[in-house]
Amino acid sequence: MSVHVVPLRIYFAVFISLMILTAVTVAVARYDLGALNTIVALSIAVTKAALVILYFMHVRYSPSLTKLVVAGSFLWLFIMLSITMSDYISRGW
């Protein structure tokens with residue numbers, strides 16, 4: 001099994017990016033964007049999650065099978081959230 005060595009500057013760049021995105025999250029939370037609040041917050045959260053998964057969990061440098069498992073897990077998460085939301089929307093509250 002080959003080991004991919006990631007330079008420290010990439011880890012620091014990802015860390016700085018995560019800190020900047022956290023500051024952006026805090027800054028955006030101070031403003032009322034109406035219906036866009038949730039969309040903006042989730043967009044920032046997905047970007048941060050992607051950085052963590054790709055670099056800190058080494059998925060970017062992993063074999064194709066690992067990428068397939070990660071993609072399958074996100075597909076399963078999407079299915080579960082869709083089922084949950086369809087139940088929530090269909091309730092007659």
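Taken together, Leu54, Leu33 contain a single residue that is open to solvent by less than 100 Å² (accessible area, probe 1.4 Å) and either under 17 Å from the mean Cα position of the chain (by Cα) or among the acidic types (Asp, Glu) (or both), which is Leu54. Taking Val40, is it at pLDDT below 95, at negative phi and not in a helix (DSSP H, G or I)? Here the answer is no, as Val40 does not meet what is asked. Going through (1) among the hydroxyl-bearing types (Ser, Thr, Tyr); (2) in contact (Cβ under 8 Å) with a residue 12 or more places away in the chain; (3) in a helix (DSSP H, G or I) one by one, Ser86 falls short only on (2). Taken together, Val40, Val26, Val5 contain a single residue that is open to solvent by 60 Å² or more (accessible area, probe 1.4 Å), more than 30 Å from Tyr61 (Cβ to Cβ) and aliphatic (A, V, I, L, M), which is Val26.
Every condition in (1) open to solvent by 60 Å² or more (accessible area, probe 1.4 Å); (2) touching a residue at least 40 places away in the same chain (Cβ under 8 Å) is met by Lys67 except one, and the failing one is (2).
The values are calculated or read from the model by the stated rules, or taken from the named source; none is laboratory data. These numbers come from a predicted model, not from an experiment. All Cβ positions, glycine included, derive from the backbone under ideal geometry; neighbour counts span all protein chains shown. Note: accessible area is taken over every heavy atom of the protein model, side chains too, but ligands, DNA and RNA are not part of it. Shrake-Rupley method; radii C 1.70, N 1.55, O 1.52, S 1.80 Å.
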